[in-house]
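Quick notes on the structure that follows.
The values are calculated or read from the model by the stated rules, or taken from the named source; none is laboratory data. Everything numeric here is computed off the predicted structure, so don't read it as measured data. Neighbour counts are summed over all protein chains in view; Cβ atoms, including those assigned to glycine, are modelled from backbone coordinates with ideal geometry. SASA here: full protein model, heavy atoms, side chains in, ligands and nucleic acids out. Shrake-Rupley method; radii C 1.70, N 1.55, O 1.52, S 1.80 Å.
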Amino acid sequence: MDDLEARVIGILAAQALIEPATVRLTDDPAGIGLDSLGMVEAIFAIEEAFGISVPFNANEPGASDFDISTVGAVVEGVRRLVAAKA
Amino acid sequence: MSRRVVLTGAGTVNALAHDVPGTLAALVQGRSGIGPLDFRDVDRLTIRIGAQVRGWPGLPGMTPREAALWDPFTRYALAAADEAVAMSGLEGADLAQAGVILGTAAGGIATWEDNYRAVFAEGKDRVPPLVVPRLMHNAAPAHVSIRHGLRGLAFSVSSACASASHALGLAFREVREGRVPMMLAGGSEAMLLFGGVKAWEGLRVLSPDACRPFDVQRNGMVMGEGAAVFVLEDADHAAARGAAPLAEIAGFGMTADAGDIVAPSAEGAAAAMRAALADAGMAAAEVGYVNAHGTGTLANDRAEAAALRQVLGDGVAVSSTKGAHGHAIGATGALELLACIAALRDGTIPPTAGCLTPDPDCGLDIVTGAARRAEVAAALSNSFAFGGLNAVLALRAA
């Protein structure tokens, strides 16, 4: 696990009030206890932590440009946005 | 004896028009008041569209003292109240018996913003003396009371997106129960400014391009602003002075979901609709039109459609006018009452501006494209707020 992955998982886990070690990349947000409002807050925390802007629409998360279907998808999405910023 | 309550005056300022005739015409045409936002620091927003009041000359004869005292949300309320009182023909001793209840979600938010900017961003160490009476939520009903000599009850109601409907419902009860012969009621909101939109942006429910209630392509709500104020009057009192009613308010229902702070509940919405019907002694089959809350978010559309099917079946004509006047938050229920008047008085159901392809999953008769001609004897107006607070007005043709 690299640093970026650990930080993203840490943010999601903190929002879900669970231990980061229990989070798997294949988990979906609901699976770790994040509802849509929890996800909105987690995305905000990610934006603040990485200095990026995440294209995420809470109305229809599936239709957003940013894939939140699994923890792994969120990690890779953040990785692309951080790379694009660099 | 239970009294009947009729609407004998209406007034408005909103993105479609600065009066009732212009707004009714725009609603029936399915025109949209949504466009690029224009205010300070708009370039720092991600969302840059809204239904903004444009080209409004303001209140005629406003003095410098009044300008210092009236936040934009108060100015909209005063203009709407002036039009409503003029239309009603009420004056003098009659008005002295009346009260006023107005809804707002953000109150004088422009005043908060301007003065926080002055002290925090610009480093100023003093603010103008009238900041407090300018920003308070009850400034709008207080100034309406002062301007028209209303000496009955006067206060503001704040329940986010249901504020105006709660205000109208409470005023309706005051008149029906005989405590006052007439009331002014409605809502006003002036939240289209940098901080107001920035806060909503954070919730990620705003659409970047269009408001499309009940459309398969919907992607969020679009904020609006303005005010609508009505004169509610004991029907016998109105008849005795020969006033022509616009419509009758027949019932009011309100419920709380006691569930999620933001996610809507079909059960809570359905319970409020049933309560309004029961309060009005109205059968579901009588309802010919529903002005839906219809925000253009997936969550609202699904919950509201399920509630509508549960309570009224799938045959009733439904439209949302938020694609026209935007989601005017604490004023929106009052603006939407104008759409109900178009249906009940004029037999013209305003279409759902912005809805091009109705979502078949909603399973409703959504009025789209052009206005629909129909004899509508009874209508519901739905408002569902964050907090799980639901308010529904039941109306009849006068």
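Odds and ends about this structure:
- Matching residues, region B:186-202, being within 26 Å of B:Ala167 (Cα to Cα) and either buried (at least 18 other Cβ atoms within 10 Å of the Cβ) or within 11 Å of another protein chain (Cβ to nearest Cβ) (or both): B:Gly186, B:Gly187, B:Ser188, B:Glu189, B:Ala190, B:Met191, B:Leu192, B:Leu193, B:Gly196, B:Val197, B:Trp200
- Filter result (aliphatic (A, V, I, L, M), closer than 23 Å to B:Gly50 by Cα and in a loop (DSSP other than H, G, I, E, B)) within region B:339-369: B:Ala353, B:Leu356, B:Val367
- In this structure, A:Ala14 qualifies as free of Cβ contacts under 8 Å to residues at least 60 places away in the same chain and out of contact with any Lys or Arg (no Cβ under 6 Å at 6 or more places or on another chain).
- Per the conditions (1) open to solvent by 30 Å² or more (accessible area, probe 1.4 Å); (2) in contact (Cβ under 8 Å) with a residue 12 or more places away in the chain, the sole criterion not satisfied by B:Ile146 is (2).
- Enumeration of residues in region B:318-346 that are in contact with a Lys or Arg (Cβ under 9 Å, 6 or more places away or on another chain) and either open to solvent by 10 Å² or more (accessible area, probe 1.4 Å) or among the basic types (Lys, Arg) (or both): B:Leu344
- Residues within region B:137-195 that are part of a loop (DSSP other than H, G, I, E, B) and over 21 Å from B:Val85 (Cα atoms), tallied: 8
- Identity of the residue in region A:50-86, surrounded by fewer than 19 Cβ atoms within 10 Å (Cβ to Cβ) and touching a Pro at 6+ places or on another chain (Cβ under 7 Å), that ends up nearest to the other protein chains (Cβ to nearest Cβ): A:Ser64
- Any hit, region B:203-213, residues being open to solvent by 10 Å² or more (accessible area, probe 1.4 Å), at pLDDT below 95 and outside any loop (DSSP other than H, G, I, E, B): yes
- Close Cβ contacts (under 8 Å, 6 or more residues apart or on different chains) running from residues in region A:19-41 that are within 14 Å of another protein chain (Cβ to nearest Cβ) to residues that are open to solvent by 80 Å² or more (accessible area, probe 1.4 Å) and of a type in the set (A, V, I, L, M) comprise A:Leu37/B:Ile261.
- Check on B:Asp114, free of Cβ contacts under 8 Å to residues at least 12 places away in the same chain, crowded, with 16+ Cβ neighbours inside 10 Å and under 22 Å from B:Gly224 (Cβ atoms): yes
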